[in-house]
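The block underneath contains the structure these notes are about, expressed in structure tokens.
The values are calculated or read from the model by the stated rules, or taken from the named source; none is laboratory data. Since the structure is predicted, the reported quantities are computational estimates derived from the model, not experimental observations. Here the Cβ positions follow ideal geometry from the backbone for every residue, glycine too, while neighbour counts run over all protein chains shown. Ligands, DNA and RNA are stripped out before the accessible areas are found, and what is left, the full protein with its side chains, is counted by its heavy atoms. Shrake-Rupley method; radii C 1.70, N 1.55, O 1.52, S 1.80 Å.
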Amino acid sequence: MNYQIQTFDEYQAAYQKSVEDPEAFWAEVAQNFHWRKPWTKTLQWNFDEPNVKWFIGGKLNITENCLDRHLATRGDQPAIIWEPNDPHEAGVTLTYRMLHDQVCRMANVLKRNGVRKGDRICIYMPMVPELAIAVLACARIGAVHSVVFGGFSAQSIADRINDAQCKLVITSDGAFRGGKEIPLKSVVDDALIGCPSVERVIVMTRTRTPVAMLKGRDVWMEQELKQVTADCPAEEMDAEDMLFILYTSGSTGKPKGVVHTCGGYMVYSAYTFSNVFQYKENQVHFCTADIGWITGHSYIVYGPLANGATTLLFEGVPTYPDAGRFWEIVDKHQVNILYTAPTAIRSLMSFGLEPVQKYDLSSLQVLGSVGEPINAEAWHWYDDNIGKNNCPIVDTWWQTENGGILISPIAGITKTKPTYATLPLPGVQPVLVDENGKIIEGNGVSGNLCMKFPWPGILRTTYGDHERCRQTYFSTYPGLYFTGDGCLRDEDGYYRITGRVDDVLNVSGHRIGTAEVENAINMHTGVVESAVVGYPHDIKGQGIYAYVITDQLPDGHDADLTKRDILATVSRVIGPIAKPDKIQFVTGLPKTRSGKIMRRILRKIAEGDTSNLGDTTTLLDPAVVEEIKAGAV
Ligand code: WT7
């Protein structure tokens, strides 16, 4: 690839060009890929509808770029190194040739089962090579994948399947995650009771958990794979054909299906992978995210493979069998780039240095952080003890809707500053705005973070509801894409993301809407009303604090059991990741006379800061605040 920036001067020149002539800039980057047919117009856009199209008329298949074109030059190089949950189980290394072969076979399995270009496929799988293979198999034949993270409930899967009208589900009997075994197929079975669009379920054997297999609907992946050849020509896709849908939470309503398309997403995920991490030939890249999130899509699967990189896929969790697991993997596979989340770093910090010192980490050259603001303590611990003050840390800020990293240092090239995502990548034009939507110029300022120009990886729509896309991202500040994040720009022009300014929580790097959690709590029998806010949590970044009004408690269910009942309800409705950390029963909520809950007050109390609650005179019933303060948990 010919687009890797080598010096800070080159970064500045690239940035300048990308702003002065974005079309020429991205056209040049896009030349590095294999297009069946070139595009005729590089960009067409407006942020009002919104309508964004990149590489118009271009034809391609992303799997030809991720697989076929590497066969001649690096067919025998590892594409995927798989490390299983149990360190004693043998891993798997797939070369580019092997991966190509397996993707083609899986694609033929999909075709055999009636999948055609444009069909939506739900994937609910553990972190095994077959997950990456399933994703690429969809892309091979132009089917649209919708990967659902293995921690979501049956109800959440059903909502996502129904929203996208998925025709087929790919899953496994179960998943190993640390010491736990999760019965994925059984969860899918529960989901499918309410999903009439699903005609077929393909089930991989992983845990050998007994599973129900419904004749006519459910088939075994292993059996299916025996019926096909490895010959599967890639479907020719338009640059703006849909590549995938990925659901993500917002401040209102159910999660939205963020839509990414083939051409722009490929160019952007690949360009940012190469540049931010400064990936060099034969390095091993280890991104610890799950493929169920955008980080896994862009920096385990598509970005690395489009660059012919070796990507490591880890099935387990950082603390199993012990807190040295990441470091053991780094040592064992001679990992060069480690990309993880602040929550993982903070959790591992709490185990001290012994688990780190047992392993040789000298292969590491670049460290990455993503998902939430990284606090100074975690940044320095990572720098001192993992990077041994010898590896640049790239604090990468971006979102599901962005397709790839937007603000980040370029490893070894941009001077870093702890807790700062530093500078925008080429093609990215951030602006800070005040509450009135006025752009705040100059340095040493803070405001709401927006983008004023499209980059190739920007979302195109939210599936099935374009108006919601406009409303959510493009209407708050007309003419701008609004990120939902607050941000400061310091005297050096460096950006520091301070966190969400809307009702979205970031719990262990997972994005959860407060409204979603409230809806789940309100579904519990006996709950009258609830209000959910975030509070600072040492490990998770944010914890979930729920204020709940109930009817009389049911017979035999005291407050403690009722709290646990509510957690069970939230687990059922959304999944265990959305369970509140704290529940406080209250008799009323602080509301204005117009009935609006004053979350500011609830946030303060949840933070444990009750000294200055600000003006409470506009409240309908100021006395309720005293009661809530007194009962804070
Ligand atoms: C939200 C997006 C695609 C990244 C994984 C999460 C927060 C993400 C950072 C960072 C501060 C960050 C923001 C953003 N966030 N990275 N480096 N520093 N905050 O993707 O689930 O779409 O969440 O995560 O608040 O809006 P996501």
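So the values come out like this:
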{"read-out": "Percent carbon-and-sulfur accessible area, region 8-451, ignoring ligands, DNA and RNA, probe 1.4 Å", "value": "49"}
{"read-out": "Value of relative contact order over the chain, rounded to a whole percent, pairs C-alpha under 8 Å and six or more apart", "value": "12"}
{"read-out": "Mean separation of Cα contacts under 8 Å, 6 or more apart, over the residue count of region 517-630: relative contact order %", "value": "25"}
{"read-out": "Nonlocal amide H pairs with Glu240, under 5 Å, H built at 1.01 Å", "value": "Gly57, Gly263"}
{"read-out": "Prolate/oblate/rounded call for region 517-630, Cα gyration tensor, a/c under 1.5 rounded", "value": "oblate"}
{"read-out": "Most to least packed among 2-14, 152-164 [average Cβ atoms within 10 Å]", "value": "152-164, 2-14"}
{"read-out": "Nearest-0.05 FRET efficiency for Gln31 and His380, computed from C-beta distance (R0 25 Å)", "value": "0.05"}
{"read-out": "Descending semi-axes in whole angstrom, ellipsoid equivalent of the chain, from the Cα gyration tensor", "value": "37, 30, 25"}
{"read-out": "Inter-label distance for Lys226 and Ala72, nm, one decimal - labels placed 7 Å from Cα along Cα-to-Cβ", "value": "3.8"}
{"read-out": "Cβ charges +1 (Lys, Arg) and -1 (Asp, Glu), total dipole of the chain, debye", "value": "1140"}
{"read-out": "Contact order relative to length of region 502-556, as percent, for alpha carbon pairs under 8 angstrom and 6 or more apart", "value": "33"}
{"read-out": "Computed magnitude of the charge dipole of region 517-630 (debye, nearest 20; Cβ of K, R +1, Cβ of D, E -1)", "value": "440"}
{"read-out": "Heavy-atom accessible area per residue - the chain, 1.4 Å, Å²", "value": "38"}
{"read-out": "Order by protection proxy (mean Cβ within 10 Å, highest first), peptides 433-444, 62-73, 461-472", "value": "62-73, 461-472, 433-444"}
{"read-out": "Charge dipole (region 8-451, unit charges on Cβ, about Cα centre) - positive-most of Gly404, Leu423, Asn375", "value": "Gly404"}
{"read-out": "Peptide ranges 561-568, 364-371, 390-397 listed from the most packed, as the mean C-beta count within 10 angstrom indicates", "value": "364-371, 390-397, 561-568"}
{"read-out": "Extreme residue, positive dipole direction of the chain, given options Ile202, Tyr299, Thr42 (C-beta unit charges)", "value": "Ile202"}
{"read-out": "Helical contribution to [θ] at 222 nm, DSSP H n ≥ 4, -39,500 (n - 2.57), averaged over the chain, rounded to 500", "value": "-8000 deg cm²/dmol"}
{"read-out": "Pairwise label distance in nanometres, Thr93 with Lys358, each label 7 Å out on the Cα-Cβ vector", "value": "2.4"}
{"read-out": "Modelled FRET efficiency - R0 41 Å, Ile439 with Ile539, Cβ distances, 0.05 increments", "value": "0.65"}
{"read-out": "Fraction of antiparallel bridges per DSSP, region 143-273 only, in percent to nearest 5", "value": "45"}
{"read-out": "Cys with no candidate disulfide partner in the chain (beta-carbon separation under 4.7 Å rule)", "value": "Cys66, Cys138, Cys195, Cys262, Cys287, Cys391, Cys450, Cys469, Cys487"}
{"read-out": "Length gained when the stretch Ala568-Asp86 is fully extended (0.36 nm per residue, less Cα-Cα span)", "value": "170.7 nm"}
{"read-out": "For the chain, share of DSSP beta bridges that run antiparallel, in % to the nearest 5", "value": "60"}
{"read-out": "Violating pairs (Cα-Cα greater than 21 angstrom) within the set Lys563/Lys629; Lys180/Lys579; Lys59/Lys256; Lys388/Lys540", "value": "Lys59/Lys256; Lys388/Lys540"}
{"read-out": "Accessible surface, 1.4 Å probe, highest first, among residues Ile193, Ile497, Ile202, Ile182", "value": "Ile193, Ile182, Ile497, Ile202"}
{"read-out": "Residue among Pro580, Ala559, Ile512 farthest towards the positive dipole end of region 509-599, charges placed on Cβ", "value": "Ile512"}
{"read-out": "Within region 165-218, trypsin sites (Lys or Arg not before Pro) in DSSP loop having at most 14 other beta-carbon neighbours inside 10 Å", "value": "Arg208, Lys215, Arg217"}
{"read-out": "FRET efficiency, 1/(1 + (r/R0)^6) with R0 25 Å, evaluated for Thr592 and Ser446 via beta carbons", "value": "0.40"}
{"read-out": "Pairwise centroid distance, computed over Cα atoms, of region 444-516 with region 91-134, Å", "value": "33"}
{"read-out": "Of all DSSP beta bridges in region 517-630, antiparallel share, percent nearest 5", "value": "75"}
{"read-out": "Fraction of accessible area attributable to carbon and sulfur, region 517-630 (%, probe 1.4 Å)", "value": "50"}
{"read-out": "Under 5 Å, built H, 5+ apart or other chain: amide partners of Tyr339", "value": "Phe286, Cys287, Thr288, Gly368"}
